[in-house]
1. Classify the protein assembly as shown as rounded, prolate or oblate from the Cα gyration tensor: take a ≥ b ≥ c as the square roots of its eigenvalues, call it rounded if a/c is under 1.5, otherwise prolate when a/b beats b/c and oblate if not.
2. Place a point 7 Å from Cα of B:GLN206 in the direction of its Cβ. Which residues in region B:244-268 have their backbone N less than 15 Å from it?
3. Give me the net charge for the shell around B:SER271: Cβ to Cβ below 13 angstrom, other residues only, Lys and Arg +1, Asp and Glu -1.
4. In nm, to one decimal, how far is the B:LYS405 label point from the A:PHE127 one, both placed 7 Å along Cα→Cβ?
5. Indicate the residues belonging to region B:418-435 that lose 40 Å² or more of solvent-accessible heavy-atom surface (probe 1.4 Å) upon moving from the chain alone to the assembly of all protein chains, ignoring ligands and nucleic acids.
6. Note down the nm distance, to one decimal, between modelled labels 7 Å out along Cα→Cβ at A:GLN7 and at A:THR230.
7. Counting other Cβ atoms within 10 Å, which chymotrypsin sites (Phe, Trp or Tyr not before Pro) in region B:331-438 have at most 15 and lie in a DSSP loop?
8. Take the alpha carbon gyration tensor of region A:138-328, find the square roots of its eigenvalues, order them as a ≥ b ≥ c, and report rounded if a/c is under 1.5; if not, report prolate when a/b exceeds b/c, else oblate.
Amino acid sequence: MNEELIQQITKMVVEKLEAASSSQTVQQPTNKQKVELFSKQPIGHVEVEKVKSSPSGAVTFHSTTEELKRNVSTVKPTPKTAYGKTKSKPKIDSEEDKLAEYRKKTPARIGVGRAGSRPRTKTWLQFRLDHAAAVDAVYGEVPDNLLEQLGLFQVQSRVADKEEYIRRPDLGRKLSDESKSLIQERCKKSPVVQIVASNGLSAKAIEENLEDVYLSLEQSLNNLNIEMGTTFYVDKGRVAVMDDIGELLQPDVVVMLIGERPGLVSAESLSAYMCYKPRHGTIEADRMVISNIHKGGIPPVEAGAFLGTIIQKILKYEASGVSLVQKEN
Amino acid sequence: MGVSNFNKHETIISAGIDIGTSTTKLIISRFSLRNVAGATHVPRIEITDKEILYKSPVFRTPLQDAVTIDVAGVQQIIRSEYNKAGIQPSQIETGAVIITGETATKRNASEMLHLLSDEAGDFLVATAGPDLEGIIAAKGSGSYEWSGKSGQVVANIDIGGGTANIAVFKDKQLLGTCTMHIGGRLIEFENGIVRTISPPVARLLQDQGYSLQVGDPQNAPAVSFVTTYMAEAVARMLKKEVHAQDQVLLLGHEPNWLQSVDTIVFSGGISECMYHHATDEVQEAQYNDIGIQLAEALLQNKSLQHFTWQEPVETVRATVLGAGTQTTEISGATIQVAPHELPLKNIPIYQYDFEENLETGLLHFEDAVQQAVTLYDSAKEGQNFALYLSNLPYLGFRDVQKLAKAIVQIMNERPCPEQPIILVIQSDHAKVIGQTLAALHVKQSIICIDQINVETGDYIDIGNALTSGVVPVVVKTLTFHTT
């Protein structure tokens, strides 16, 4: 190879590396500066900061908890005079009251304050914590003793591990061959109601809520004289795995208690999917769901009690989902 | 067995009847109920629309004599107004009869309520104490709504024949109430001379060194002194500056709100004299009392001008509108009720607070029944009561079972244990507690509802279950007051 060319290329590479490292050294002080923002000792480019925080469409956070005066003054520098005689101070209080009122009504992160142009450390850490809890819920496992206590045996979908579970929803909708034969062997055939539990996307949801929902639902069905099949647990199942189960056991109704995709408000929310005679080829519109079953949503015990009456309705109309709504009206 | 349909749009007819010191009026309205929760959620049934079907004219309250209500006369009014509205009593599913002001202390008010309940339909009958009256009027006059929209502290002053009921709201939250002996009929005239003077006014005049006798001319200085004094007393009350000499006009407690009032709204018969909303109606009746002078005195009063004035949506009909459209609450959708036991009327409430701890709460649970019986059924005649369970902790299924067993046990200790078990649960747990009781094979019927806020001393009426499975509930904060 041409020596000159090699030299040229080497030079270019070195130049690039230099440029890269120099841009890094440029970045470092800005990183530092960001950290300093929180320690209240701004250094250097104060005017840059001003430019950043002034765009008119910028999202602003304002505090509602502590340091009341300082934060309010940054949000509303001039108190509105349109209110007439009322002094500005009680107005601030009433605004605080209002935000407190709004916060009571929603678990969303509203009125949480800000530090400069960013969320406050506490808010940010809470957000990180909630996000981590959501991730943990997906990758967590349901403790064996819970299933033992409730007398549930365990089967598998066709999914090998969590990564595959996430990448291949289709495999989560099918039972493995061993599972099929285990179910055939151990379950009551053609029950009126077949209950199935599955971790789905939140093992935490099952851990926290399954016992209360299940026992309450069992009692509700007993009170209503509705026969139950042999309940079992599907590891890494998707909702539509109930079609496979429907084919195998021929129940009138399948109730699937499955962990919901975790969110930042709750990572332990459970859903109860119900379907009248689910079989291969069942359309999604015929499935119905009661979601948001957790401590902060509908209490699990009350949800279980309510599910009994829905199952009663499904059996009466011999339909579920959209078909049920149509028949009912 | 009935299966509830949550998704159907349902309507119920509500009647409001206000029998006041001077006037009686009636209102018929239709409520629309809908499931407002999303399709994947547990249903939540709410009243989504209220439509007024019929407003009666304002009638003079028929009285046999000063202390007796003319029951036949009231029945006659109701019957003819139902006819005009084209409504059968059987169609009415909820609502309230409110006997307000001094009328509530009339001798046969209680007897009349029972008769009316048969006459007016199998709906819910309530009577208001002065505090509740003020609250209902504020809801009917629009003050309650306005407090939510404006964010200001709004005082509604409902002045009728016998009393002025003040209710103060901010952001639709009740801040306090106050009731005074201020009203149009406290001095009545006949042919230009004084015919009656009510006892509180007589006492006021005596305290202030004025003399006014039956037979004195209508334009005696003492009369204008009374109206001016009343207007000034209203202003002082709103500012919470109650003077010793005002005590004679106070009915019950002193003003109990903490924030200072921004806006005032007048409703009731006196406000009609101020705003003349109903001038097109021919009943500019000759009431022959100090009503018009009182309205004038309030308009002229300088201290009251310091407040912002807001015109009411309804004047003389504020209370009846409130009674007809604002007293009904809807229970939670997941409840357990024995349909053959409904409707239930006048059930007193005993509140038991678990203070967020089941274990310690259950330790003294037995006392709840003892105390409720002492309070409401001291003669052990079998007056049933509803147990209100508040501040329950988060309950697992085994906790619910423990609680249900305790409930059965204590309910069997009632003087008449075979009566229905009536439970009101603050949190959303009625269905599971009801079902757990059923699973225990209790002998009694079970009425277990939730998401209604009540407290010891309240009375509730529970209406028939609707198609969606919910029940309408009217909470009565106080019954008759005594003077």
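The values are calculated or read from the model by the stated rules, or taken from the named source; none is laboratory data. This is a predicted model, so every value here is computed, not measured. Every residue, glycine among them, receives a Cβ derived from its backbone with ideal geometry; neighbour counts consider all protein chains shown. Each accessible area value is taken on the protein alone, full model and side chains, heavy atoms only, with ligands, DNA and RNA left out. Shrake-Rupley method; radii C 1.70, N 1.55, O 1.52, S 1.80 Å.
1. Working: a/c = 2.69, a/b = 1.45, b/c = 1.86.
It is oblate, given that a/c is not under 1.5 and a/b is not larger than b/c.
2. Zone members listed by number: B:247-249.
3. Details: positive: B:ARG317; negative: B:ASP158, B:GLU272, B:GLU296, B:GLU311, B:GLU314.
Local net charge: -4.
4. Result: 4.9 nm between the two label points.
5. B:ASP428, B:LYS431, B:VAL432, B:GLN435
6. Taking the two extended label points, one gets 8.4 nm.
7. Values: sites: B:TYR350, B:TYR352, B:PHE354, B:PHE365, B:TYR376, B:PHE385, B:TYR388, B:TYR394, B:PHE397; in loops: B:PHE354, B:PHE385, B:TYR394.
Those that pass, being in a loop and sparsely packed, are B:TYR394.
8. Working: a/c = 1.34, a/b = 1.13, b/c = 1.18.
The shape class here is rounded.
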